[in-house]
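Below is one structure, written out as structure tokens; the observations come after it.
The values are calculated or read from the model by the stated rules, or taken from the named source; none is laboratory data. Because the structure is predicted, anything quoted here is derived from the model rather than measured. Here the Cβ positions follow ideal geometry from the backbone for every residue, glycine too, while neighbour counts run over all protein chains shown.
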Amino acid sequence: MTEPGISRHVTDTDWDVTRSVPATLDGRHDAPVMTRVVPHTDRQAPELRHDQSIACLVTNGLNAYFGDRHAVRDVSLGLDLKSVTAIIGPSGCGKSTLLRCLNRMHETVPGARTTGSVTLDGERLYGDGTSAIAVRRHIGMVFQRPTPFPTMSIRDNVAAGLRTRGAGMPSRSDIDAIVQDALRRAALWDEVKDRLGTGAIALSGGQQQRLCIARALATNPRVLLLDEPTASLDPASTQHIEELVYELRSTVTVGIVTHNMQQAARVSDRTAFMLDGELIEVAPTNTLFTSPRDTRTESYITGRFG
């Protein structure tokens, strides 16, 4: 089933999860369970309960192109359930492109395309019938520079993602509860609870980035992707974000692209090293930084290039 305005370009499954007001894809509100739609042949998509124990986000032979340029080359990588995976490598190695493929942001670039597969809990995200908007509700993304909506209040910024639910939009009281929960999870509630109706643009850079994280968390995603989230922040704000990332692993799977190897060492459980679009090595973070298998990994982490 395809959402209005979305081309039938990516998978045979769709998703809909809201913590406070669970719903099926067609807008019905049932018992408080997490639901997803399984592959189907008719117009009415059946429900399937989430299995919280299975592996989370996996790529298999993933390739990404910008026109003729081959930016990501045959990458097979898994983001483990409720853990933090850091992706490191020199500028231009394909880290951010890989991340954008995981929630179908890559295809928004004219001339961009992918091959291979991406699965979330075993369900393909690329294929006929999958809604890109639905995918992004469950695989949230935060970019290098904070991107609050300048004309919206703090509250409305956090609630913005809920509007993609259409007929399944929660009530105002439910939205208020979701906004408060997301701001708490983003470690921002105590700083903004008395000014939720004021413009988000007045927040500091670090607060704006945490607001963007709260906005991504409001849809209760299974996966949160962070593309160099502290690159434009001061040291104090960077520490806030790192502490937040470390804590989020208890509730959500996190993938983070970073140029800062010390940051990767501080916040991640596993680290993947990319070079020239290829995944060179992935290992537990301590193992990769102390005894890498590949000489190219060793050369990069010891500063011989990059």
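Applying the selection to the range 101-120, what residues are among the charged types (D, E, K, R) and in contact with a Leu (Cβ under 8 Å, 6 or more places away or on another chain)?
We begin by selecting, within the range 101-120, every residue among the charged types (D, E, K, R); these are 104, 107, 113.
Answer for the range 101-120, where residues must be among the charged types (D, E, K, R) and in contact with a Leu (Cβ under 8 Å, 6 or more places away or on another chain): just Arg104.
Checking the conditions here, which among Arg137, Arg100, Arg163, Arg145 is more than 16 Å from the chain's Cα centre (by Cα) and not β-branched (Val, Ile, Thr)?
Arg163
Exactly one of (1) closer than 29 Å to Asn60 by Cα; (2) out of contact with any strand residue (DSSP E or B) (no Cβ under 7 Å at 6 or more places or on another chain); (3) not β-branched (Val, Ile, Thr) is unmet by Arg163. Its number?
Unmet for Arg163, out of (1) closer than 29 Å to Asn60 by Cα; (2) out of contact with any strand residue (DSSP E or B) (no Cβ under 7 Å at 6 or more places or on another chain); (3) not β-branched (Val, Ile, Thr): (1).
Given the residues Arg195, Arg163, which is the only one that is part of a helix (DSSP H, G or I), surrounded by fewer than 20 Cβ atoms within 10 Å (Cβ to Cβ) and of a type in the set (Lys, Arg)?
Working: Arg195 fails: part of a helix (DSSP H, G or I).
From the options Arg195, Arg163, the qualifying one is Arg163.
Of all residues in the range 71-121, how many are of a type in the set (D, E, K, R) and closer than 27 Å to Glu298 by Cα?
Adding up the residues that qualify gives 5.
So, in the range 103-131, of the ones that are closer than 30 Å to Gln208 by Cβ and surrounded by 21 or more Cβ atoms within 10 Å (Cβ to Cβ), which residue ends up nearest to the chain's Cα centre (by Cα)?
Asn103
Step by step: first the residues of the range 243-269, then only those that are β-branched (Val, Ile, Thr) and farther than 17 Å from Gln209 by Cβ, then the one that is nearest to the chain's Cα centre (by Cα). Which residue is that?
Thr253
List, please: which pairs have Cβ atoms under 7 Å, are six or more places apart or on different chains, and start with a residue in the range 290-305 that is in contact (Cβ under 8 Å) with a residue 24 or more places away in the chain and farther than 12 Å from Gly89 by Cβ and end with one that is surrounded by 14 or more Cβ atoms within 10 Å (Cβ to Cβ) and basic (Lys, Arg)?
none
Rundown of residues vs (1) closer than 21 Å to Asn260 by Cα; (2) assigned to a strand (DSSP E or B); (3) touching a strand residue (DSSP E or B) at 6+ places or on another chain (Cβ under 8 Å); (4) not β-branched (Val, Ile, Thr), yes/no style:
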position: Thr59; (1), (2), (3), (4): no, yes, yes, no
position: Ala64; (1), (2), (3), (4): no, yes, yes, yes
position: Arg73; (1), (2), (3), (4): no, yes, yes, yes
position: Ser76; (1), (2), (3), (4): no, yes, yes, yes
position: Leu81; (1), (2), (3), (4): no, no, yes, yes
position: Thr85; (1), (2), (3), (4): yes, yes, yes, no
position: Cys93; (1), (2), (3), (4): yes, no, yes, yes
position: Ser96; (1), (2), (3), (4): yes, no, yes, yes
position: Cys101; (1), (2), (3), (4): no, no, yes, yes
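Write out, first by first residue and then by second, each pair whose Cβ atoms fall under 9 Å of each other, whose residues are 6+ apart or on separate chains, and whose first residue, in the range 220-240, is under 26 Å from Leu81 (Cβ atoms) while the second is buried (at least 20 other Cβ atoms within 10 Å of the Cβ) and among the aromatic types (Phe, Trp, Tyr).
Going by the 9 Å Cβ cut-off, the qualifying pairs are Arg222/Trp15.
With respect to Tyr65, determine if the residue is at pLDDT 95 or above and not charged (D, E, K, R).
yes
Within the range 262-269, does at least one residue satisfy the condition of being outside any helix (DSSP H, G or I) and modelled with pLDDT of 95 or more?
yes
May I ask you to verify whether Ala283 is within 24 Å of Met141 (Cβ to Cβ) and either surrounded by fewer than 18 Cβ atoms within 10 Å (Cβ to Cβ) or modelled with pLDDT of 95 or more (or both)?
no
In the range 208-253, which residues are in a helix (DSSP H, G or I) and aliphatic (A, V, I, L, M)?
Correct list: Leu211, Ile213, Ala214, Ala216, Leu217, Ala236, Ile241, Leu244, Val245, Leu248.
For the list (1) closer than 17 Å to Gln239 by Cβ; (2) part of a helix (DSSP H, G or I), I need the number of the one condition that Ala187 fails.
Of the numbered conditions (1) closer than 17 Å to Gln239 by Cβ; (2) part of a helix (DSSP H, G or I), the odd one out for Ala187 is (2).
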